[in-house]
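Everything below concerns the one structure shown next.
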Amino acid sequence: MGIYSEFNKDLSKFEPTYRWGINKKQLKMIVQIIPGIVLIGVEVFFVEGIWFWIASILTALILITPPVLVAFGKWESFKKDLDFFLKYQDRYLVNEKIRRYDSSEFIKKNKQEKTSRPKK
(Lines give C-alpha, C1' and ligand atoms only; values in the text may rest on other atoms or scores of the structure.)
Protein backbone atom coordinates (compact mmCIF):
# COMPACT_ATOMS: atom_id res chain seq x y z
CA MET A 1 0.00 0.00 0.00
CA GLY A 2 1.26 3.45 -0.89
CA ILE A 3 1.15 6.47 1.33
CA TYR A 4 -1.56 8.09 -0.79
CA SER A 5 -3.86 5.09 -1.06
CA GLU A 6 -7.57 5.29 -0.45
CA PHE A 7 -7.07 3.80 3.01
CA ASN A 8 -4.67 6.52 4.18
CA LYS A 9 -6.57 9.68 3.34
CA ASP A 10 -5.26 13.14 4.19
CA LEU A 11 -7.50 14.27 7.05
CA SER A 12 -6.07 17.79 7.35
CA LYS A 13 -8.61 19.08 4.81
CA PHE A 14 -11.55 17.25 6.35
CA GLU A 15 -14.15 19.50 7.97
CA PRO A 16 -16.31 17.80 10.59
CA THR A 17 -20.04 18.24 10.19
CA TYR A 18 -22.48 19.14 12.89
CA ARG A 19 -26.19 18.45 13.02
CA TRP A 20 -28.00 18.27 9.63
CA GLY A 21 -24.68 18.00 7.75
CA ILE A 22 -23.63 21.61 8.32
CA ASN A 23 -19.92 22.31 8.75
CA LYS A 24 -18.29 25.12 10.75
CA LYS A 25 -17.96 27.54 7.82
CA GLN A 26 -21.63 27.16 6.86
CA LEU A 27 -22.75 27.56 10.47
CA LYS A 28 -20.73 30.78 10.77
CA MET A 29 -22.34 32.06 7.54
CA ILE A 30 -25.84 31.32 8.83
CA VAL A 31 -25.15 33.11 12.12
CA GLN A 32 -23.82 36.18 10.26
CA ILE A 33 -26.81 36.26 7.88
CA ILE A 34 -29.45 36.21 10.66
CA PRO A 35 -29.25 39.99 11.46
CA GLY A 36 -29.81 40.84 7.78
CA ILE A 37 -32.80 38.54 7.54
CA VAL A 38 -34.29 39.96 10.76
CA LEU A 39 -33.77 43.52 9.51
CA ILE A 40 -35.48 42.74 6.20
CA GLY A 41 -38.34 41.17 8.17
CA VAL A 42 -38.70 44.40 10.18
CA GLU A 43 -38.62 46.42 6.95
CA VAL A 44 -41.55 44.38 5.62
CA PHE A 45 -43.81 45.79 8.37
CA PHE A 46 -42.52 49.37 8.63
CA VAL A 47 -41.48 50.41 5.10
CA GLU A 48 -43.98 50.62 2.25
CA GLY A 49 -43.91 50.79 -1.52
CA ILE A 50 -40.78 51.27 -3.55
CA TRP A 51 -38.83 52.30 -0.45
CA PHE A 52 -39.19 48.75 0.89
CA TRP A 53 -37.51 47.31 -2.20
CA ILE A 54 -34.70 49.86 -2.10
CA ALA A 55 -34.11 49.31 1.63
CA SER A 56 -34.27 45.51 1.42
CA ILE A 57 -31.88 45.32 -1.54
CA LEU A 58 -29.40 47.60 0.20
CA THR A 59 -29.72 45.60 3.42
CA ALA A 60 -29.14 42.35 1.55
CA LEU A 61 -26.12 43.74 -0.29
CA ILE A 62 -24.54 45.10 2.88
CA LEU A 63 -25.40 42.43 5.46
CA ILE A 64 -25.99 39.18 3.55
CA THR A 65 -23.66 39.18 0.55
CA PRO A 66 -20.28 39.37 2.38
CA PRO A 67 -20.83 36.33 4.65
CA VAL A 68 -22.04 34.28 1.68
CA LEU A 69 -18.99 35.23 -0.39
CA VAL A 70 -16.69 34.41 2.54
CA ALA A 71 -18.35 31.01 3.00
CA PHE A 72 -17.91 30.14 -0.67
CA GLY A 73 -14.32 31.41 -0.74
CA LYS A 74 -15.00 34.18 -3.27
CA TRP A 75 -14.57 37.20 -0.97
CA GLU A 76 -10.84 37.74 -1.64
CA SER A 77 -11.25 37.65 -5.42
CA PHE A 78 -14.31 39.95 -5.12
CA LYS A 79 -12.30 42.47 -3.08
CA LYS A 80 -9.42 42.35 -5.58
CA ASP A 81 -11.79 42.88 -8.53
CA LEU A 82 -13.57 45.71 -6.74
CA ASP A 83 -10.28 47.38 -5.89
CA PHE A 84 -9.01 46.98 -9.45
CA PHE A 85 -12.10 48.46 -11.10
CA LEU A 86 -12.69 51.31 -8.63
CA LYS A 87 -9.12 52.51 -8.22
CA TYR A 88 -7.95 55.12 -10.72
CA GLN A 89 -4.88 53.83 -12.49
CA ASP A 90 -2.81 55.45 -15.19
CA ARG A 91 -1.80 52.87 -17.75
CA TYR A 92 0.70 53.70 -20.44
CA LEU A 93 1.80 51.62 -23.39
CA VAL A 94 5.54 51.88 -23.62
CA ASN A 95 7.21 50.84 -26.87
CA GLU A 96 10.51 51.97 -28.20
CA LYS A 97 9.53 51.84 -31.85
CA ILE A 98 6.40 51.58 -33.88
CA ARG A 99 6.96 49.29 -36.82
CA ARG A 100 4.93 49.40 -39.99
CA TYR A 101 4.32 46.18 -41.86
CA ASP A 102 4.48 45.81 -45.63
CA SER A 103 1.79 43.89 -47.44
CA SER A 104 4.44 41.53 -48.80
CA GLU A 105 5.21 40.26 -45.30
CA PHE A 106 1.85 38.54 -45.09
CA ILE A 107 2.17 36.60 -48.37
CA LYS A 108 3.33 33.01 -48.02
CA LYS A 109 6.53 32.24 -49.89
CA ASN A 110 6.34 29.45 -52.46
CA LYS A 111 9.83 28.17 -51.84
CA GLN A 112 10.94 27.40 -48.32
CA GLU A 113 14.60 27.15 -47.66
CA LYS A 114 15.96 24.37 -45.50
CA THR A 115 18.59 25.03 -42.93
CA SER A 116 21.87 23.23 -43.29
CA ARG A 117 22.73 20.81 -40.53
CA PRO A 118 26.24 20.03 -39.55
CA LYS A 119 27.36 16.56 -40.62
CA LYS A 120 28.43 14.09 -38.00
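The values are calculated or read from the model by the stated rules, or taken from the named source; none is laboratory data. Model, not experiment: these values are computed from the prediction. Positions of Cβ are backbone-derived with ideal geometry, glycine not excepted, and every protein chain shown enters the neighbour counts. When the accessible area is computed, the model is the full protein with side chains, heavy atoms only, and any ligands, DNA or RNA have been set aside. Shrake-Rupley method; radii C 1.70, N 1.55, O 1.52, S 1.80 Å.
Could you count how many Lys pairs in the range 33-120 have their Cα atoms under 26 Å apart, skipping same-chain pairs fewer than 8 positions apart? Working shown, then result.
Working: K74/K87; K79/K87; K97/K108; K111/K119.
Summing the qualifying lysine pairs gives 4.
Split the accessible area of the chain by element, probe 1.4 Å, and carbon with sulfur accounts for 62%.
Accessible surface for the chain, divided over its residues, is 104 Å² per residue with a 1.4 Å probe.
Suppose R0 equals 25 Å. What FRET efficiency, 1/(1 + (r/R0)^6) with r the Cβ-Cβ distance, do K79 and I54 give to the nearest 0.05?
Values: r = 25 Å, r/R0 = 1.00.
Efficiency, rounded to the nearest 0.05: 0.50.
For the chain, the membrane-span-like helix rule (DSSP H, alpha carbon extent of at least 20 Å along the helix axis, mean Kyte-Doolittle at least 1.0) picks out 24-46; this says nothing about an actual membrane.
If we count every other residue with Cβ under 13 angstrom of I54's Cβ, Lys/Arg +1 and Asp/Glu -1, where does the sum land?
Values: positive: none; negative: E43, E48.
Around I54, the charge tally is -2.
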